[in-house]
Each structure stands twice: as C-alpha cells, then as structure tokens.
1. How many residues, within segment 183-213, are open to solvent by less than 60 Å² (accessible area, probe 1.4 Å) and either in contact (Cβ under 8 Å) with a residue 60 or more places away in the chain or within 28 Å of MET62 (Cβ to Cβ) (or both)?
2. With the requirement that a residue be farther than 24 Å from MET25 by Cβ and surrounded by 13 or more Cβ atoms within 10 Å (Cβ to Cβ), what does segment 60-80 give you?
3. State whether one or more residues within segment 44-58 are farther than 18 Å from PHE176 by Cα and among the aromatic types (Phe, Trp, Tyr).
4. Only residues that are open to solvent by less than 50 Å² (accessible area, probe 1.4 Å), hydroxyl-bearing (Ser, Thr, Tyr) and not in a helix (DSSP H, G or I): list them for segment 105-163, please.
5. With (1) over 26 Å from PHE140 (Cβ atoms); (2) open to solvent by 70 Å² or more (accessible area, probe 1.4 Å); (3) outside any helix (DSSP H, G or I) as the list, and TYR100 as the residue in question, which single condition is left unmet?
6. Taking the options ILE21, ILE31, name whichever one is in a helix (DSSP H, G or I), in contact (Cβ under 8 Å) with a residue 60 or more places away in the chain and open to solvent by 60 Å² or more (accessible area, probe 1.4 Å).
Amino acid sequence: MGGLQFNALHLSYVVHVLGVIGAVMVLVWNISFRGGLAWESSNKNLIFNVHPVLMLIGLVIMGGEAIISYKALPFKKAEKKLIHLILHAIALVLGIIGIYMAFKNHNESGIANLYSLHSWLGIGLIVLYGIQWIYGFLVFFYPGGTGELRKESLPWHVLFGIFLYILVVANSALGFLEKLTFLESSGIEKYGSEAFLVNFTAIVAILYGTFVLLTALSRAPEEDNHHYSAI
C-alpha cells in the first residue's frame, strides 16, 4: 500500500502536538472550570468529570497513537505490533473506566442511563472496540492465525479499525456538544470562556482525528513499505 504522498513521520508530529493540546484542554476544563476529578464525592459532578477526560485521552488520543504506530515509529515490525496492541489496550481500558464513571454519576445522582444518541453510540463503540482488539490479538499476535487467515483478515481489520475510529471521534464531538448544551441550559454563558474552551476542545479532537487518518494513509519510511499496512 503506497498511501498518500505525504511523509507519515512528519504528519505524526502534528498528531502528537494536537494530542498534548487536547489532553491539556480537557483537563483544564474539568479541573479549573468544573471543580476537579473524583472517584467518590458528595459532589457527583466531580465523578462525571472523569468521563470526558478518560474518553478523550483514552479512545481518541491513545487510540489515535495506536493507529499511527505502524507508520510513524522507526522500529521493527514485531516491536511496532506490540506497541500497537498495548496502546489500543490502554485506550480500551480507559474507555471502559470512562463509561463506568458516567454510569456511576447517573446512578448516584438518580439520572436515567442510555437516553441519548451519544450514550447509545458510546456503548456500541466500546463493545466493537473490544471485539476488534480481541480479534487482532488472537489472529495477529497470540496464538496467531495461519498466514492465509492473517492475509485475508488484515484489510478488513484495517478498514474496520479506521471506520471505528472515525465514529469514536465523531461521538466525542457529540459528547462535548451534549454536555455544553446541558451546561448552557443550566446558566453558563453561551459566549463565555468555558463555552469557548469546550467547543475548541472538540475542534482539537476532530483535527487530531483528521491527522491520525492522514498519517495512517500516508507514505511510511521507505524501509517500512514492505511491512504491515497502517492500522
């Protein structure tokens, strides 16, 4: 796979920078504007605050880093495969905990669960993410499928992974919109600093996802072109 005529390594630098910016922005929002993060608290909003932090840093940022690992890291194929697997595992675990914290907040606050499109998509995506990771582990890592099975599975694994990631980024933007709508209906200023911070965090997440996909579809270093396709 030749990919787009861009240098994947150079594009990956943009991905890393946007990832750091996005992580800082979501932390500033939930710590400085929303009061902080907590596993247990009488202020149930602090419990919910963990949700957007872990979902953005986990599924969007760590998941994106996992996707570009095959195209942007100067390591051998086996090493990049292990990094890809581990980063996706971290993303999956953070995503599961993030979803749990949303349920925990709702249950302790007497709020209904799974009433919005964002929550429906979130549950579906975390399940599919888990299935994708397990299949990839069994077929490409351990115990490993036959050469023919790996060859036939790889294009679908790549395609489904990219499709899943696009939906993850889209659902994160939907989550920011939903939360900001609730906050604005509760009284925060529509053109205030917090509203701008939330909207720009969502924009950074979208830009991050865009550059992840551009990197994954771009030209790998010459010595790696005969290796795995990006995923």
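1. Residues flagged as open to solvent by less than 60 Å² (accessible area, probe 1.4 Å) and either in contact (Cβ under 8 Å) with a residue 60 or more places away in the chain or within 28 Å of MET62 (Cβ to Cβ) (or both) within segment 183-213 amount to 14.
2. TYR70, LYS71, LEU73, PHE75, LYS80
3. No: segment 44-58 contains no residue that is farther than 18 Å from PHE176 by Cα and among the aromatic types (Phe, Trp, Tyr).
4. SER116
5. (3)
6. Answer to the selection: ILE21.
The values are calculated or read from the model by the stated rules, or taken from the named source; none is laboratory data. Source: prediction; values computed, not measured. Because the Cβ atoms are built from the backbone with ideal geometry, glycine has one as well, and the counts that use them run over all protein chains shown. For the accessible areas, the whole protein counts, side chains as well, though only heavy atoms, and no ligand, DNA or RNA atoms are used. Shrake-Rupley method; radii C 1.70, N 1.55, O 1.52, S 1.80 Å.
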